[in-house]
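> Okay, handing you the structure first.
The values are calculated or read from the model by the stated rules, or taken from the named source; none is laboratory data. Nothing here was measured: the structure is a model prediction, and the numbers come from that model. Positions of Cβ are generated from backbone atoms using ideal geometry, with glycine treated the same way; all protein chains shown enter the neighbour counts.
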Amino acid sequence: MSNRSKAGGYRAVAVCLLNAYASGEEAVRGIVPAQRPDVVVVDIKLPGMSGFECVAKLKALLPQLQVLMLTTYEERDLIFNSLRAGARLRGPRRRRCRSG
């Protein structure tokens, strides 16, 4: 189902935060299929297990899970590994200056 209305705007979507975890290991242990989360937000660099390792393990448990990975890093290998693990990335946007 699309979030776009016929007028071209977006409609509100309810969000319920199930939990927050301090590490990838905690997330993998804590997120269980019975919770059936729709989306998980993960950072690339976590204490212990990396963000992309966490994503790969979560996607193995819950293949339909959508993952949004937040980052301020622009290192290509980190970004590539995260995408390969199944995450979607959201990082800083490069802004171009407009002249004139």
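> Has the range 55-76 got any residue that is modelled with pLDDT under 85 and part of a helix (DSSP H, G or I)?
yes
> Here's a follow-up. Return the residue satisfying two criteria in turn: it lies in the range 21-36 and is assigned to a loop (DSSP other than H, G, I, E, B) and among the aliphatic types (A, V, I, L, M), and of such residues it is farthest from the chain's Cα centre (by Cα).
Per the criteria, the residue is Val32.
> If the Cβ limit is 8 Å and pairs must be 6+ apart or interchain, which residue in the range 46-63 that is touching a residue at least 24 places away in the same chain (Cβ under 8 Å) and β-branched (Val, Ile, Thr) pairs with which residue that is in a loop (DSSP other than H, G, I, E, B) and surrounded by 17 or more Cβ atoms within 10 Å (Cβ to Cβ)?
Every condition considered, the pairs that remain are Val55/Gly86; Val55/Ala87.
> Do you know which residues across the range 1-33 are over 19 Å from Ala60 (Cβ atoms), modelled with pLDDT of 70 or more and basic (Lys, Arg)?
Selection gives nothing.
> Also, I was wondering about something else. If I ask for residues that are among the aromatic types (Phe, Trp, Tyr) and within 13 Å of the chain's Cα centre (by Cα), which ones from the range 37-79 would you list?
Listed by number, the list holds a single entry, Phe52.
A quick yes/no check of all residues on (1) buried (at least 18 other Cβ atoms within 10 Å of the Cβ); (2) of a type outside the set (A, V, I, L, M):
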| site | (1), (2) |
| --- | --- |
| Glu25 | no, yes |
| Ile31 | yes, no |
| Val41 | no, no |
| Ile44 | yes, no |
| Met49 | no, no |
| Val67 | yes, no |
| Thr71 | yes, yes |
| Asn81 | yes, yes |
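> Considering the range 24-67 alone, what residues qualify as being of a type in the set (Phe, Trp, Tyr) and out of contact with any Ser or Thr (no Cβ under 9 Å at 6 or more places or on another chain)?
none
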